[in-house]
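Report on one structure; see the data block that follows.
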Amino acid sequence: MSEKQVLAVDYGASSGRVMLGGFDGASFTISELHRFPNDPVKLGDTMFWDVLRLFFEMKQGIVKSKAYGEISGIGVDTWGVDFGLLDREGRLLDNPVHYRDGRTDGMMEKTLKMVGRDPLYELTGNQLMEINTLFQLMAVKERRPEPLERADALLLMPDLFQYFLSGAKISEKSIASTTQMMDMRQGKWAFGLLESLGLQAGMMCDILPGAVRTGSLRPEIQKELGVPAMEVIAVAGHDTQSAMAAIPAREEDFLFISCGTWGLFGTELPEPVISGMSKKFNITNEAGLEGKYAFLKNIIGLWLIQESRRQWIREGKEYGFGELETKAACTEPLKSLINPDAPEFVPSGDIPERIRQFCRKTRQPVPQSEGETVCCIDQSLALAYRKAMDEIRACTGKQYPVIHLIGGGAQSGLLCQMTANACGLPVVAGPVEATVYGNTMAQFMALGELNGLTQARCALADTLHTVVYEPCDREIWEEAYERYREIL
Ligand code: LFR
């Protein structure tokens, strides 16, 4: 079979790209057409996504694809939980707001008082996090209800871009499952919950599974960009689920870490787990492709390093990630530990200073240099993964032979090795571009070129070159894990 091509558009919290994905019936290729920054914009006291610029950049990518021949489809994935509201004519009522915006402060507690922590978790199966769509909507309702009152449709970010491209208003299931508004077992919107909170259920669009065609590129966009028609495809719109689709696992039971701005640690299951124990550990269920579920913990991830790097740039010191890793590898490991999920590390700002404060408060050696800071972050993340692993094992009653570490973090040999050491399991690193592969695979599934996820994963495993990190220094890491649990 000759190679077919699609455009995989992947928006991350700090950058986006349009990639060309190819499949020749046996293996995949991906190449970058266009990459651009995704810088949120603070206006007044609100932090917005620059959604029109993001759409503009997607169009630039489409234009660049003209040099590569026929393109069969286009699919978009993004981070979770954020959304846009449309009026009856399909116009955006407000600019989408960033999940790190302060408008949700205190909203979760308020909402939980109204609906109860246990029933909410029972119904949605989602980890309770202030950033979740439900709490954002409650903030809109309380502070600035007009757009909500006029809203005819709520579209989550990938669905919004998909709508810009095709005009179809749908809710793809993987992204719907990040909202804390979906009945996880039924795969339907939790209308009763919405109504009990005074949120109008009528704005929710029908939930569709990922890997389906939703329409074709609007004629006016074809004309504007000078491109022929192409299918618009709903992939697993949630980037984490696109990435999961691309885990090159040959084992049935495995652990994974989708390691980017966030670190998502979990496993894949045929059905959600919503139990007293999963509630206690605050583990989330998310819907994936082909009716699969990810059972995972949301851990803060490389955000700590990305944001520290921005701080050092503000101080006039510009280092690449590779350079920071080299510095970290030269320092003495396991001297100081932080709880990476402590609330003070979530907002943007001077992370290295907050790490120093954390270490002073917990009477540990205070990391001074950039290398010591990055080393402290990496080892603390590895130990947070270890804790998540213990909790997931306890909930599923399963043992796992391997951890697949996918996404940008797979480039960090130090983090992969530390994770293997902390968890006592081999870490298979790669693909770095998991999200793009998963997006591409879902499109070829929708186009009928692949007969399902298993076939797609096998083809991918044959395409890829992965690196394995074997665990070592186990005693030292077990001792560190004890210390880590004490500081929590
Ligand atoms: C990762 C991710 C996480 C989600 C967080 C916020 O990019 O999608 O899965 O919890 O971003 O939306």
Looking only at the stretch 390-398, decide whether some residue is in contact with a Cys (Cβ under 8 Å, 6 or more places away or on another chain) and under 21 Å from LEU302 (Cβ atoms). no
Within the stretch 1-36, residues being under 19 Å from the mean Cα position of the chain (by Cα), over 21 Å from LEU217 (Cβ atoms) and either more than 16 Å from the ligand (Cβ to nearest atom) or not in a strand (DSSP E or B) (or both) number 4
Subset of the stretch 377-403, residues out of contact with any helix residue (DSSP H, G or I) (no Cβ under 6 Å at 6 or more places or on another chain), surrounded by 19 or more Cβ atoms within 10 Å (Cβ to Cβ) and of a type outside the set (Val, Ile, Thr), comes to SER380, LEU381, ALA384, LYS387, ALA388
If you go through GLY424, GLY438, the only one that is buried (at least 24 other Cβ atoms within 10 Å of the Cβ) and not hydroxyl-bearing (Ser, Thr, Tyr) is GLY438
Determine if the stretch 278-287 includes at least one residue that is among the aromatic types (Phe, Trp, Tyr), more than 12 Å from the ligand (Cβ to nearest atom) and either touching a strand residue (DSSP E or B) at 6+ places or on another chain (Cβ under 9 Å) or at pLDDT below 95 (or both).
-> yes
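Quick grid of which residues meet (1) surrounded by fewer than 20 Cβ atoms within 10 Å (Cβ to Cβ); (2) more than 16 Å from the ligand (Cβ to nearest atom); (3) under 24 Å from VAL6 (Cβ atoms):
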| site | (1), (2), (3) |
| --- | --- |
| VAL41 | yes, yes, no |
| PHE48 | yes, no, no |
| LYS66 | yes, yes, yes |
| LEU112 | yes, yes, no |
The one condition VAL374 fails out of (1) of a type outside the set (Phe, Trp, Tyr); (2) modelled with pLDDT under 95; (3) more than 20 Å from the chain's Cα centre (by Cα) is (2)
- Message: Regarding the stretch 303-324, can at least one residue be identified that is farther than 18 Å from CYS376 by Cβ, in contact (Cβ under 8 Å) with a residue 24 or more places away in the chain and within 15 Å of the ligand (Cβ to nearest atom)?
- Response: no
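The values are calculated or read from the model by the stated rules, or taken from the named source; none is laboratory data. Model, not experiment: these values are computed from the prediction. In this analysis, Cβ positions are derived from the backbone assuming ideal geometry, glycine residues included, and neighbour counts consider all displayed protein chains.
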